[in-house]
Amino acid sequence: MTEGDRTMTGNGGDRVGMGAARFAALAEAYGASIARWPAAERGPARDFRAAAPAEAARLLAEAATLDRMLDEWAAPDMPANLAPRLAGHARPGTAARLRRLLQWPGPIWQPAGAFAAALMLGLGLGVGAPDMAPLGGLVSAETPTATPPESNGIAMDETGEGVDIALFLYGPAAPDAGVSQEGMQ
Amino acid sequence: MREDQTGQDAPPDDESARLDALSRAAAAGEAAAYRALLDRLARPLHGYAARLLGETAEAEDVTQESFARLWRAYDLSPPRGPVRAWLYRTAHNLCIDRLRRRGRTMPLPADDALGRHGLDESPSGEERLQSAARAQAVRGAIHALPERQKAAILLVHYQGLSGREAARTLDIGEDALESLLARGRRALKAALLDRRGDL
């Protein structure tokens, strides 16, 4: 194949016409259907066929003979149960489902703003609310097992028996329990 | 006989673009798009594997595994480039692995070797036999080709892939593909057309 035979499109759009050798090479490689040749060469090939119909027809007929021969070999039929088996797996993957879940039709600041507001509310409640944890033997007064101030760390259970919270939580050797209680009073 | 869904003279590039659009929708989680991909690609992919392997049960496994890998790819990183070439490349590599493991191409069972010709109701038994003999000759000639030439012929002639897609499937350049096709078809011409009188 010479350079002039191959279809070329220069930067200026100048197209060098396809020669018989290139036309023959394409027919030999891709067969007789020009529609199935490389996209960039179909137009020039049709131009060549229009310019040299007899030669083009001869070259295409040679290729078509082999095409017909090859078509004699049909593929084995696909088993009928294969398609349903494949379709049984046809479900969106985990990542795809997550992507759809996160899809937001409006501007991105809307979900981002909602997230930021929830975060601020959580932080505000966390900082501003009384400490709910029984650190140092203290228990919030609102809790059902609240320790009355006069009980000195002794809560009363439903049976009326006293339960030393600090003792329960930290054992008898919890030295800071009494200190914290005093500090609060 | 070509097995793509576009018909013999439709440019393969258009179908490839449609399949890529379906693939993008499937990757976004649309099950209907994935089923449409299956409808268009499962049969050709099975046909390619069956021809390359010379065996249908293994071709089923290859087809299933190829689509399973496509599903997994959608979860991890969706295929770049044409999905049809991606699937054929996956199936091709699976087939080559199996062929190398077994060391040779196994012959097709009798019914499969006949393909659909074995099931056709032709006017006469003699005509059926002649058709089956021609199919068998073509199959034999193609399986006698070197591996890359055989794959190139199967992808372009039988599966209807464009040169670009077939080249991508085989991980070669388009010029190299054209060379494989030309050499393969010359060999087939010599093997088949020169002994046409015998068939």
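Quick note: the coordinates plus some simple rules give every number you see, no bench work behind them. Nothing here was measured: the structure is a model prediction, and the numbers come from that model. Quick reminder, even Gly has a Cβ in these numbers, built from the backbone with ideal geometry, and neighbours come from all protein chains shown.
Details
- Estimated FRET transfer efficiency when R0 is 41 angstrom, pair B:Ala68-A:Ala20 (beta carbons, to 0.05): 0.25
- Rounded to the nearest 0.05, the FRET efficiency derived from the C-beta distance between A:Glu62 and B:Ala21 at R0 = 51 Å is 0.85.
- Sites B:Glu174 and B:Arg100 - FRET efficiency at Förster radius 22 Å, r taken between beta-carbons, to 0.05: 0.25
- Relative contact order computed over region A:14-70 (Cα-Cα under 8 Å; 6+ residues apart), in percent: 42
- For A:Leu86, net neighbour charge (Lys/Arg +1, Asp/Glu -1) across residues whose Cβ lies under 11 Å away: 0
- With each label modelled as a point 7 angstrom along the Cα→C-beta vector, the B:His143-B:Asn93 pair spans 2.6 nm.
- Peptides ranked, highest mean first, by Cβ atoms within 10 Å: ranges B:38-44, A:59-65: B:38-44, A:59-65
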